[in-house]
Every structure is written in structure tokens, then in C-alpha cells.
1. Report whether or not Asn154 is touching a Leu at 6+ places or on another chain (Cβ under 8 Å), in contact (Cβ under 8 Å) with a residue 12 or more places away in the chain, crowded, with 16+ Cβ neighbours inside 10 Å and over 19 Å from Cys86 (Cβ atoms).
2. Answer with yes or no whether Asn66 is in a loop (DSSP other than H, G, I, E, B) and surrounded by fewer than 19 Cβ atoms within 10 Å (Cβ to Cβ).
3. Considering only region 268-278, I want to know if a residue exists there that is free of Cβ contacts under 8 Å to residues at least 12 places away in the same chain and more than 18 Å from the chain's Cα centre (by Cα).
4. Which condition number does Pro169 fail, the rest of (1) touching a Cys at 6+ places or on another chain (Cβ under 6 Å); (2) surrounded by fewer than 22 Cβ atoms within 10 Å (Cβ to Cβ) being met?
5. Could you say which residue among Trp319, Trp243 is open to solvent by less than 20 Å² (accessible area, probe 1.4 Å) and in a strand (DSSP E or B)?
6. Please indicate, with yes or no, whether at least one residue in region 206-225 is touching a residue at least 24 places away in the same chain (Cβ under 8 Å), closer than 19 Å to Leu149 by Cα and either in contact with a strand residue (DSSP E or B) (Cβ under 7 Å, 6 or more places away or on another chain) or open to solvent by 10 Å² or more (accessible area, probe 1.4 Å) (or both).
7. When you look at Phe11, is it at pLDDT 70 or above and either open to solvent by 40 Å² or more (accessible area, probe 1.4 Å) or among the aromatic types (Phe, Trp, Tyr) (or both), yes or no?
Amino acid sequence: MAARWAPPAAFLLLLLLLAPARADKPARAGRGEPDDAEPEASSAVFQLFGNVYPHGLYYVAMSIGNPPKPYFLDVDTGSDLTWLQCDAPCVSCSKVPHPLYRPTKNKLIPCVDQLCASLHGGLSRNNKCDSPKQQCDYEIKYSDQGSSLGVLINDSFAVRLANASVVRPSLAFGCGYDQEVGSSTEVAPTDGVLGLGSGSISLLSQLKQHGITKNVVGHCLSMRGGGFLFFGDNLVPYSRATWVPMVRSAFRNYYSPGSASLYFGGRSLGVGPMEVVLDSGSSYTYFSAQPYQALVTALKGDLSKTLKEVADPSLPLCWKGKKPFKSVLDVKKEFKSLVLRFSNGKKALMEIPPENYLIVTKYGNACLGILNGSEIGLKDLNIVGDITMQDQMIIYDNERGQIGWIRAPCDRIPKFGSSLL
């Protein structure tokens, strides 16, 4: 998760009612198989809420516990650990949409558990374990200086599958009792974070271990707000998407399509190869200093005379027109598309039209949604965030070791067996 530029506004609370379960186990592979047959991996799709501006994040409702209770989780492909703010009791928690999750002692995961070792390995820390009964403590820090201190526990997650059955696997997640997140006076939009990285503590990896879904996750973030998230590969358009092999990022367990060259209006900006990662936990896109400055120079050199640079508290670089803009559609014709050309695949291009790098603020100005990551300590890392991934289906296929993308209508939640694209 990279920096969230501004603290998101409080959301209108949405009451999500869990449909009654039809089954507590995954569907069996075909009819007439014995009860001990291996379950067939299925898929699950979830509605997303939120937007890039003004809320600054996309989140999902997950039902956790027994009986299941809804919690809003920030969808984050840039980190592994899922965690909830937790009454354990809580030392420092922000105000959240739902009552704090209350764990019971029998839900604690001991420090000798393999998941505890994996968690600490992913956080680049030693797993100090003095006693087999000792709990598994963790501390996770994010690029925006937010953090969560807590203990690893397990509880059931209710997940509705494509075959309409509901499974309730017991999954490990963090019970965060000491947080540094945003404002402590405003109601936070979410109860915690849904970590969907590639580490073994990730919910996605655990679902794979349970045989419930394949280790594939995808999201489709709508420019109009909302969208959908899916686990498993039933919705993946393998033949039509652009695919590149996953590259092991030097920066944590980020999903990386490798290095890319940057083009503006069909012309190379002449910067060296950029190490790129995809991170749904980042509202905006971040370039390191050299490509950022090259982009800003190109934008200013190509600027229409009808646009004037203006100060706006929303983002660092903004422009105003002759009259206030109502949406990005009003201003997109004044800007050219960017393209990331990946060296890690044949003609693997990610086109970034103006609507995928600009926002229009409440003041009617158009602002650049690509920020200088070097200013917040990201060094040479280039993060493709939510703004650039909007209205694209992004697929992280850990089964085949590849990342894919394709333009899609993200405001339509797909039904299994139908074509979305």
C-alpha cells in the first residue's frame, strides 16, 4: 500500500445482508463422487465501493466470524496481511464503520505456526518464539506512515462461490489493537485492510491452500465509483487480455510486470527503464523523480493556451479552464495519452489515456493524479495506482506467474457464465 494522498471522507454506511448459506463445504467435482473427493476450485466475485476522488480508496464488504458480521476492508494488492481493527482491547483505534471485531482466546495463532513464520518473513523480521504457546505478534508499516500492531488470529470468512454455495473457511488475519491510520476524530471508511499480495499469509494464498479458489485475483475499478473484485479464474479472459510474466520485485511482495519505457503522445520521454509495480492500495500513481519530471515538462510544454496552472489543495499540480470543469471528459481532449511499454512481454503496452491520470476536483480544476514518489521515500519504485487501473480488468495470476489487463466496463458486476467484455 502506498500513500493515500488525503484522508478519505466518511462513507454512508451500507447495510449488506449475507444471504443464507446453502453449504458449508466447497462444491464437489461432479455428481456421484464420494464424500472424500477433492473439492473443485471455484470462483467468487465481490462488489466494490469507493472511488479515487474524493474518497481515495476502493473497498469490499467481507463477512467474518460466527455468526458472520460485515466489515469493510481496503482492497490492497500491495500487501499480504489482512487485518481488522480489533477490541483486544484496543490501545489505539480510529472510529470505524462497524463495531470493533472482538476475538476470543481460542482464535489465537501460536508463534510456532508456519503462517506466523511466513508473516514475519514477508515483513523482513525474525520470528522470535520462546514458547510453543506464545501468540504470534506482528507490526506492519505502510508507505504513508500508517501502521498496525497486533496479533495473528483465525476465524471463519463467509464466501459465496460461483455455484451459489457458501463456504466458511477458517483463515488467518491480523487483530490490530494499535493503529496509526489517518484521523482519529473522523470515522474511517474501512474497518481494516484486505491483503491480496502473493505471500502465503495472503487471504488468496490461504483460499488456494483450502482448495476453494485458484491463486488468481482480479479487480475492475470503475471510473464512476465502485466496481468488482474476484478470486479464481472463471472470469479471466485469457485469450484477449495483454499478458506479461510476473517479475520478482525488489520491493516486498509487490506484483510487478517488470521494467517499462514511458511514452507521451507517442514520443519516448527518454528516461531509463522504470521498475513498475501494481498496487490497488494506492489511490494515485507514483513515478520516481526522473520520469516524473520528464512527464511534467512534457505536459507543460504541450499545454493548451486555454489552461492555466492554479493552486488547488487536492493535488500538487492543477490547471483551470475558462470555466470550471465538471468531469475529466470536459478536459481530456486537451491532454495526450501516456503509454508504458514493458520489456517483459511481446509488445506489452499499457495505454494511459488522460482520464487515467487526471482528476477533476470539487473546485472545477483538472489535476495530475501522478505524483513524485521520490518525495515520499519510494526512491526508484514506480507505482501504478487506482487512478491508472480504472476501467481495466487487472488480473494477478499466481498460478501461471503472469499479470494481465484489458479494458472493461467495471460498473457492471459480471455473472458467471456470461461474457463481460
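The values are calculated or read from the model by the stated rules, or taken from the named source; none is laboratory data. All of these numbers come straight from a predicted model, not from anything done at the bench. Methodologically, a virtual Cβ is constructed for each residue, glycine included, from the backbone with ideal geometry; neighbour enumeration extends over all protein chains shown. Side chains are part of the model used for accessible areas, which takes the heavy atoms of the whole protein and leaves out ligands, DNA and RNA. Shrake-Rupley method; radii C 1.70, N 1.55, O 1.52, S 1.80 Å.
1. So Asn154 does not fit the description; no.
2. Here the answer is yes, as Asn66 does meet what is asked.
3. yes
4. (1)
5. Numbers: Trp243 fails: open to solvent by less than 20 Å² (accessible area, probe 1.4 Å).
Residue meeting the stated conditions: Trp319.
6. Scanning region 206-225 turns up no residue that is touching a residue at least 24 places away in the same chain (Cβ under 8 Å), closer than 19 Å to Leu149 by Cα and either in contact with a strand residue (DSSP E or B) (Cβ under 7 Å, 6 or more places away or on another chain) or open to solvent by 10 Å² or more (accessible area, probe 1.4 Å) (or both).
7. no
Yes or no, residue by residue, for (1) closer than 21 Å to Lys332 by Cβ; (2) in contact (Cβ under 8 Å) with a residue 40 or more places away in the chain; (3) of a type outside the set (Phe, Trp, Tyr):
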{"site": "Ala366", "(1), (2), (3)": "yes, yes, yes"}
{"site": "Leu371", "(1), (2), (3)": "yes, yes, yes"}
{"site": "Lys379", "(1), (2), (3)": "no, yes, yes"}
{"site": "Met389", "(1), (2), (3)": "yes, yes, yes"}
{"site": "Ile395", "(1), (2), (3)": "no, yes, yes"}
{"site": "Arg400", "(1), (2), (3)": "no, no, yes"}
{"site": "Trp405", "(1), (2), (3)": "yes, yes, no"}
{"site": "Asp411", "(1), (2), (3)": "yes, yes, yes"}
